Amino acid sequence: MNQEKPTESQDQRENLHVHYSAADYDRYTEKFVEVYDAAMIKRIRDEVLGPEASGVLLDIGTGTARLLIKIAAVPELKALRLIGVDYYDDMLSEARRALRENSLEGVIELRLADAHNLPFPNDFADYVISRSTIHHWADPQRAFREIARVLKPEGVAIIHDMRRDPTPEALDKFNELRRQAGVEPARLEEKYTAAEVEEFLKAAGLQDCSTVQAGESGPGALGFEVKIIK
């Protein structure tokens, strides 16, 4: 298993697109990542206050919005204002098509935006989620700082990503799903370890309000969770 660090320095990197088309990404995320969708939705439900969630939920790096579409179908989460942002036009084009097909154009808002420079005021979102995005960011330190900026006081961010050192069992299961979807195996060399992400958070000044937890078994052993409480 390749665990070498990415060789490109932070000041040389650009935001990273997936290595296949937005249409393929949409098909993959619609049908082949249910277990990871369920894990994120469970975490959202764990973090909401009261019997029914309310407020703004912002999905950074929403891709084709398939996770937001599934969140919109959860009865306890229907009171949330759902907003998805992505850096890439092709992803949002597929997302808009998916919203039309699911009659959710008036339920989920989409914006073209960079995680490093979000078009929202301070203290905007009650919840921020992001999945499989950290390794796509040109500057994770800056993106984490921006997430903290747009969170309301006592707001919660939950960020999941694959790590460079997953358990072999979790990696095999993940790559089998990707094979079934017709997309390439995961590129471990692009990913970060939990310890590296902790360093990004520390550099962003968020070490006192954030945690990083890496799973040891099951689907969670594929990656880690970053939790930020403002």
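When the range 135-172 is filtered for residues that are out of contact with any His (no Cβ under 9 Å at 6 or more places or on another chain), open to solvent by 20 Å² or more (accessible area, probe 1.4 Å), in a loop (DSSP other than H, G, I, E, B) and of a type outside the set (Ser, Thr, Tyr), only Asp165 remains.
From Arg164, Arg145, which residue is touching a Ser or Thr at 6+ places or on another chain (Cβ under 6 Å) and at pLDDT 95 or above? Answer to the check: Arg164. Taken over the range 77-88, residues that are within 13 Å of Val56 (Cα to Cα) and open to solvent by 70 Å² or more (accessible area, probe 1.4 Å) amount to 2. Among the residues of the range 52-88, those identified as outside any strand (DSSP E or B), among the small types (Gly, Ala, Ser) and out of contact with any Phe, Trp or Tyr (no Cβ under 7 Å at 6 or more places or on another chain) are Ala53, Ser54, Gly61, Ala65, Ala72, Ala73, Ala79. No other residue among Glu47, Glu52 is modelled with pLDDT under 95, surrounded by 15 or more Cβ atoms within 10 Å (Cβ to Cβ) and on the phi < 0 side of the Ramachandran plot apart from Glu47. For Glu184, the stated conditions do not hold, so it cannot be described as touching a Lys or Arg at 6+ places or on another chain (Cβ under 8 Å), touching a residue at least 40 places away in the same chain (Cβ under 8 Å) and closer than 13 Å to Ile134 by Cβ.
Here the range 173-196 is the region considered, the condition is being among the hydrophobic types (A, V, I, L, M, F, W, C) and in a loop (DSSP other than H, G, I, E, B), and the residue that is surrounded by the most Cβ atoms within 10 Å (Cβ to Cβ) is Val183. The set of residues in the range 89-131 being crowded, with 22+ Cβ neighbours inside 10 Å and assigned to a loop (DSSP other than H, G, I, E, B) consists of Ala115 alone. Apart from one condition, Gln207 fits all of (1) free of Cβ contacts under 8 Å to residues at least 60 places away in the same chain; (2) out of contact with any Leu (no Cβ under 8 Å at 6 or more places or on another chain); (3) surrounded by fewer than 19 Cβ atoms within 10 Å (Cβ to Cβ); the exception is (2). Flag: Asp26 matches the condition of being buried (at least 19 other Cβ atoms within 10 Å of the Cβ), among the charged types (D, E, K, R), more than 24 Å from Asp123 (Cβ to Cβ) and modelled with pLDDT of 80 or more.
Of everything listed in (1) open to solvent by 10 Å² or more (accessible area, probe 1.4 Å); (2) on the phi > 0 side of the Ramachandran plot; (3) under 18 Å from the mean Cα position of the chain (by Cα); (4) not acidic (Asp, Glu), the single unmet condition for Lys31 is (2). Screening Phe224 with (1) aromatic (Phe, Trp, Tyr); (2) in a strand (DSSP E or B); (3) in contact with a Leu (Cβ under 6 Å, 6 or more places away or on another chain) gives one miss only, at (3).
The values are calculated or read from the model by the stated rules, or taken from the named source; none is laboratory data. Everything numeric here is computed off the predicted structure, so don't read it as measured data. Virtual Cβ from ideal backbone geometry, glycine too; neighbours counted across all protein chains shown. The accessibility values were calculated without ligands, DNA or RNA, using every heavy atom of the protein model including side chains. Shrake-Rupley method; radii C 1.70, N 1.55, O 1.52, S 1.80 Å.
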